[in-house]
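**Q** Mind looking over this structure? Questions follow.
Here, each number is a calculation from the coordinates, and none is a lab measurement. Fair warning: this is a prediction, and the values are worked out from it, not measured in the lab. Positions of Cβ are backbone-derived with ideal geometry, glycine not excepted, and every protein chain shown enters the neighbour counts.
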Amino acid sequence: MLGSGIFVLPGIAAAKTGSSIWLAYLLAAVCILPAALSKSELATAMPSSGGTYVYIERTFGPIFGTIAGIGLWLSLLLKSSFALVGFGAYLTVLVSIDEGFTKYVALFFLFVILLLNIFGVKKVGKVQIIIVTISLLSLSTILIFGIPNVNQELLEPVFSNGNLGLVSTIAFVYISYAGVTKIAAIAGEIKNPSVNLPRAMMLSLVIMSIIYVSVAFVLVGNIPMNILGKDIKPIYTISNLLGGTYVGYAAALVGVITLVSMANSGVLAASRFPFAMAMDKLLPDFMSKIHSKYLTPVVTIILTCVVMGLVILFLDVEKIAKLASAFMVMMFVSVNASVIILRETATQWYNPPYKSPFYPYIQLFGIITGIALLILLGPLPLGAIALITVLGFLIYLRFGKKTARIGVLRKYGHRPALYLLYKKKRREKLNGKNGVKLNADFLDGEILDDAGVVVPLLGNETSPEMLVEIGAALNNKEKLQVANITEVPNQTFLEAMVDENPRINSLARRFSRLGQSKNIPIDFESLVTHNISDTIYELSDQTHCDWLVFGWNGRARTGILIHNPIGWLMTHINSNFALFKDKGVRHIGKVLIALRPGRNDKKVIEVADRICQFYGANFSLLRVVNEDISETELSNLETTSKELLSNTKSKAELLVMKSNDSIETIAITSASYDLLILGAPQKDSWTSVLFGTGKDRFTENAACSVLRLTIRNN
């Protein structure tokens with residue numbers, strides 16, 4: 001983080017907003033905070049994945065991964081180019097060089113950095129620690145002597161270009177904080193990452209925010225704006241002003257070593273992005289070649305340095321900073337969106353030990369502010385982002401189209417009806433006109449083709465045995481299929497995950513004992529997949545089952561953008577659904593049936609009766625009516641309800657309660673029962689279609705376990 005953001009940028013930024021530059025740095029840190037929290041979460045979920053590129057690629061898929069990889073590469077090399085331009089300016093203080101030749105001096109040192117990276121010079125990292133320490137001590141000294149000398153007159157005007165000038169400056173200095181999330185790239189090497197990773201990011205963000213804000217305040221309070229606004233070596237200028245010539249020379253030396261060190265680490269990091277993309281088959285294979293002796297990615301290092309050289313020669317300082325900030329803003333917006341997508345889709349493999357607080361508001365804040373900052377950066381950065389998007393798409397079409405990987409958003413993203421029809425036709429094409437089953441290569445195990453009930457276990461069930469018992473109670477056929485499904489990222493080979501583990505062995509033993517004690521014919525298999533939804537779809541299709549029985553958290557989102565697998569399956573599979581919310585009840589003797597308002601579902605009563613027979617339980621049919629219901633309507637309801645109960649084999653009774661709050665009434669009544677059975681809602685409202693149904697309030701408020709039934713008409 002420490003480099004061009006404070007050694008080069010403050011003067012140019014101050015010219016845009018006045019003495020409020022310190023406020024711009026502070027607000028930029030606030031805008032960065034969501035990305036730091038989101039990246040902490042992503043890194044603990046994927047601790048060995050290697051950083052932002054892979055997070056975005058896993059979430060959005062290889063197309064956007066290609067675009068993101070190029071964007072990250074450009075943002076780092078632009079920031080490093082910016083550092084080298086500043087390095088040249090500081091070097092002119094120490095060496096007699098005409099300012100017109102500073103770019104060529106920067107190119108010479110870029111060549112030196114190129115050689116350092118190719119030959120893999122070691123111990124550079126240890127030198128960096130020393131350099132950063134010297135830089136921090138130097139900046140601290142400036143603060144100690146600079147704050148008492150602040151001239152109040154120089155602090156006017158506070159906003160030289162109004163509020164818009166301040167906001168556009170926030171976007172301009174955004175790149176200064178880019179390094180705060182870089183630690184995530186080595187999350188796999190950190191001890192206790194769920195604690196130390198977010199702590200490291202937050203501490204570094206706070207420390208650097210204090211330094212940036214304080215130094216910026218000292219600069220505008222000591223240097224006249226007509227001088228500072230054109231200065232790209234402000235740390236030298238303030239040091240020379242406060243301490244004299246020799247102190248200025250010392251500050252220039254610190255600036256030189258800090259900026260060249262930053263440029264070196266930037267090349268080191270930036271060159272790894274095209275290398276990683278080439279390894280993922282998203283760029284030509286020759287870019288993945290490494291030096292036979294020094295084991296460094298020679299091609300991508302040279303490519304990175306060549307592009308940096310062109311940037312130094314043909315772009316001015318302000319354009320470089322704007323472009324670097326724009327690409328970084330775009331990446332951080334994507335990082336925040338990744339957390340929302342991964343959480344909302346309930347992707348099974350996404351289980352971060354650390355979770356960002358204030359979700360999803362902090363992520364939405366990061367996305368909204370990021371988009372606003374992109375707009376305020378002006379047409380050049382927006383045009384560059386559009387160009388990179390097109391370039392990334394073309395590169396994907398040329399090199400990455402054959403990749404088998406897909407992102408989480410494509411797996412679980414809600415599509416318009418036309419796409420769903422396309423997907424259905426695609427399945428029909430795969431299955432063949434004669435109804436031949438799809439060869440589901442992603443399934444590991446022998447699956448029954450005549451099971452009446454399939455119970456998919458996704459790893460978050462409170463009691464798998466209870467779920468299987470519910471499945472057995474619903475089963476009209478002889479056999480019951482239990483499938484433990486493990487979803488792994490698309491980048492992980494399934495073959496590496498098929499070995500049995502202790503949990504699988506434990507489940508197999510427990511189901512064997514359950515089958516013997518309850519006389520239930522259970523077939524248990526362990527499956528590994530890249531896509532839970534498609535796997536369960538094929539399970540349903542292959543077994544010709546009547547019921548799918550899931551453990552449930554009370555949420556089945558059907559939003560227009562993204563949803564969890566349960567929400568997708570409920571709208572795409574022809575099997576009946578039973579969603580079981582386990583609240584710890586282990587002995588079912590009393591069952592409460594609560595039909596949704598306006599429903600007279602005979603099939604729900606029949607299924608409930610079957611469950612009660614399995615457990616030897618009795619049940620009550622609860623009808624909650626409005627308090628102002630007429631006697632005629634009440635009498636008709638009682639008659640209709642009793643007709644529903646007339647053919648049941650289990651002991652049944654009718655409960656009619658007057659209340660204008662059906663949720664509270666059902667919750668209070670459920671305390672006297674072991675299982676609450678609900679029918680599915682009639683229809684989704686427009687708001688639920690757009691934004692998702694969220695939690696089922698009947699289920700959330702019930703005092704006993706809940707079984708929600710969705711019965712297909714066919």
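**Q** Tell me the Rg and the Dmax, in Å, that the Cα atoms of region 132-248 produce.
**A** Just the Cα atoms of region 132-248 yield Rg and Dmax of 17.2, 51 Å.
**Q** Net charge near residue 51: determine it from the other residues with C-beta under 10 Å of the C-beta of residue 51, scoring Lys and Arg +1 and Asp and Glu -1.
**A** For residues surrounding residue 51, the net value is +3.
**Q** Could you order peptides 265-276, 233-244 by the average number of other Cβ atoms within 10 Å of their residues, highest first?
**A** 265-276, 233-244
**Q** Another one. Provide the net charge surrounding residue 205, with neighbours chosen by a C-beta distance below 13 Å and charges set as Lys +1, Arg +1, Asp -1, Glu -1.
**A** So the surrounding residues net to +3.
**Q** Below 8 Å, C-alpha to C-alpha, sequence gap of six or more: please give me the relative contact order for region 4-400 in percent.
**A** Answer for region 4-400 is 37 percent.
**Q** May I ask for the net charge around residue 578, where only other residues with Cβ less than 13 Å from the Cβ of residue 578 are counted and Lys, Arg are +1 while Asp, Glu are -1?
**A** Residues close to residue 578 contribute a combined charge of +2.
**Q** Can you tell me which of 200-213, 67-80, 501-514, 12-25 comes out highest on packing, and rank the rest after it, using the mean Cβ neighbours within 10 Å?
**A** Per-residue Cβ counts within 10 Å, averaged per peptide and sorted highest first, yield 67-80, 12-25, 200-213, 501-514.
**Q** Report, in whole Å, the centroid distance computed from the Cα atoms of region 661-676 and region 606-633.
**A** Between the Cα centres of region 661-676 and region 606-633 lies a distance of 12 Å.
**Q** Peptides 81-88, 630-637: what's the order by average Cβ count within 10 Å, highest mean first?
**A** In descending order of packing, they fall as 81-88, 630-637.
**Q** On a 22 Å Cα-Cα criterion, which of the cross-link pairs 103/289; 79/230; 581/658; 16/39 come out too long?
**A** Cα-Cα > 22 Å for 103/289; 581/658; 16/39; rest within.
**Q** Would you please give the FRET efficiency between residue 602 and residue 503, computed as 1/(1 + (r/R0)^6) with r the Cβ-Cβ distance and R0 = 35 Å, to the nearest 0.05?
**A** So, using R0 = 35 Å, E works out to roughly 0.30.
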